[in-house]
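The values are calculated or read from the model by the stated rules, or taken from the named source; none is laboratory data. Just so we're clear, the structure is a prediction, and the values are computed from it rather than from any experiment. Every residue, glycine as well, gets a Cβ built from its backbone with ideal geometry; the counts of neighbours run over all protein chains shown.
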Amino acid sequence: MATRGGLHGHGRGAGGGAPAGRADRGSARRRPYRDRADGPDGPGAGGERGPARTGPRRRLGAHHRRPAGRQLRRRGDRLRDRDPRGDLARLLYEASLPGTEYLFDDTVTALEQDADGVTVTFERAAPRRFGMVVGADGPHSVVRALAFGPEREFVRPLGLYTAWFTATDDLDLDGWYMMHNAPPGLVASARPGRLPGEIKAGLSFRSAPLAHDRRDIAAQHELLARRFARVGWQAPRLLRAMRTAPDFFLDSMGQVRLDGWSRGRVALLGDAGYCATPLTGLGTSLALVGAYVLAGELATAGGDHRSALRRYDEVMRPYVGQAQQLPPGGAAGYAPSGRLGIRLRDLSMRRMTRWPMRNVLAAQFAKAGNIELPDYGRGSQLPGRLQEFGV
């Protein structure tokens, strides 16, 4: 059993919520961080999945080419930056070693709080006791369900489903992120992957909530095959690649909204507490900023976890509020249902580098920096200061 000094973080990768586990460097015992993913680059290592942050190069029928890089230094540049999200997850993972214990392929099944800590029951491992539990396990958070209540009370669906997976790079993307819209509310996309020879493919569709089994991959394949059966462009090729992809993932889009992100000694972080949806492109920013603020407030609270969690909420609430404001059109703007909507979206894409769309786009992406971060002191001192709190 872990001592009271433990901090248990249950979470996903960089996009679903930054890892919350950490270790007391002055202690001989490592503190566990649990993750149901297969590893630091597993299914939980996703991140911001949304429109590229730079405008289109040119129109190609009903589909669009966008630079895959984050910046466009001059018109006509073709940036071939590879997807950095998996790299970010690995950097965070490696930076936490050797002081953090990771146990993959496990999940929390029960939480029992008292005045001194939390007893955590796992699906596979033996129960342990911790000073605090941080749930960073995505929009379908198990920790949130156990400590706060059922998902339906906190998740607001957008009526949009998206599948992501890795495929072989045989589309000749030439460094560009390409999207194809088709009625009714269908989007096929492809962008460069992390490694040469691979792409990250996406298939999105608008729908009312579906009663699908998120663990039945074969049924999800058939669902997408039916939805995209009549879609042209590269959709048939992506559907074939989907069936053999090792990292296929389908989920609904929805925002997570709570009046408070803590209950006793249990706190929420990232998508588990304030998912903004991939449409905003701010998921990783919210997770990393939230992790910094939560750790900093705990480290400087002098052992008063209530005060630390109250400050965490006060600092993050305005930042989260503006980040959860969807871009113009929301899901309908990303996946228009009819041909007129697609033509209007195409027009807005063509004008994305001009007034007024340029200012709208710039305002959306400037949200990532719209917070004045508190200075909690040198990072190397935080683990020792967290010991004062007992984690």
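Residue check: residue 119 meets all listed conditions (1) surrounded by fewer than 18 Cβ atoms within 10 Å (Cβ to Cβ); (2) under 28 Å from residue 257 (Cβ atoms); (3) modelled with pLDDT of 95 or more but one, namely (2). Return only the number of the condition from (1) within 24 Å of the chain's Cα centre (by Cα); (2) in a loop (DSSP other than H, G, I, E, B) that residue 173 does not satisfy. The number of the failed condition is (1). Just so you know, in segment 152-170 the residues that are touching a helix residue (DSSP H, G or I) at 6+ places or on another chain (Cβ under 9 Å) and assigned to a loop (DSSP other than H, G, I, E, B) include one that is surrounded by the most Cβ atoms within 10 Å (Cβ to Cβ), and it is 154.
Criterion applied to 260, 290 was being assigned to a helix (DSSP H, G or I), in the same structural domain as residue 314 (by TED's automatic domain parsing) and under 17 Å from residue 143 (Cβ atoms), and the one residue passing it is 290.
Being under 20 Å from the mean Cα position of the chain (by Cα) and over 25 Å from residue 112 (Cα atoms) is a property that does not hold for residue 296.
Please tell me if residue 191 is under 27 Å from residue 346 (Cα atoms), touching a Lys or Arg at 6+ places or on another chain (Cβ under 8 Å), of a type in the set (Lys, Arg) and touching a residue at least 40 places away in the same chain (Cβ under 8 Å).
Values: under 27 Å from residue 346 (Cα atoms): yes; touching a Lys or Arg at 6+ places or on another chain (Cβ under 8 Å): yes; of a type in the set (Lys, Arg): yes; touching a residue at least 40 places away in the same chain (Cβ under 8 Å): yes.
Yes, satisfied.
Of all the residues in segment 234-247, those that are among the polar types (S, T, N, Q) and either assigned to a helix (DSSP H, G or I) or not assigned by TED's automatic domain parsing to the domain that holds residue 164 (or both) number 0. When the test is whether a residue is surrounded by fewer than 24 Cβ atoms within 10 Å (Cβ to Cβ), under 27 Å from residue 374 (Cβ atoms) and in contact with a strand residue (DSSP E or B) (Cβ under 6 Å, 6 or more places away or on another chain), residue 255 passes it. The residue that is farthest from residue 146 (Cα to Cα), counting only those in segment 91-119 that are within 20 Å of the chain's Cα centre (by Cα) and of a type in the set (Asp, Glu), is 94. The set of residues in segment 234-245 being touching a residue at least 24 places away in the same chain (Cβ under 8 Å) and farther than 22 Å from residue 338 by Cα consists of 237, 238, 239, 241, 242, 245.
One line per residue, one yes/no per condition, for (1) assigned by TED's automatic domain parsing to the domain that holds residue 329; (2) without any contact (Cβ under 8 Å) to a residue 12 or more places away in the chain; (3) closer than 21 Å to residue 329 by Cβ; (4) out of contact with any Gly (no Cβ under 7 Å at 6 or more places or on another chain):
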| site | (1), (2), (3), (4) |
| --- | --- |
| 134 | yes, no, no, no |
| 138 | yes, no, no, no |
| 172 | no, yes, no, yes |
| 201 | no, no, no, yes |
| 218 | no, yes, no, yes |
| 225 | no, no, no, yes |
| 232 | no, no, no, yes |
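The set of residues in segment 225-282 being touching a helix residue (DSSP H, G or I) at 6+ places or on another chain (Cβ under 7 Å) and among the acidic types (Asp, Glu) consists of 247, 271.
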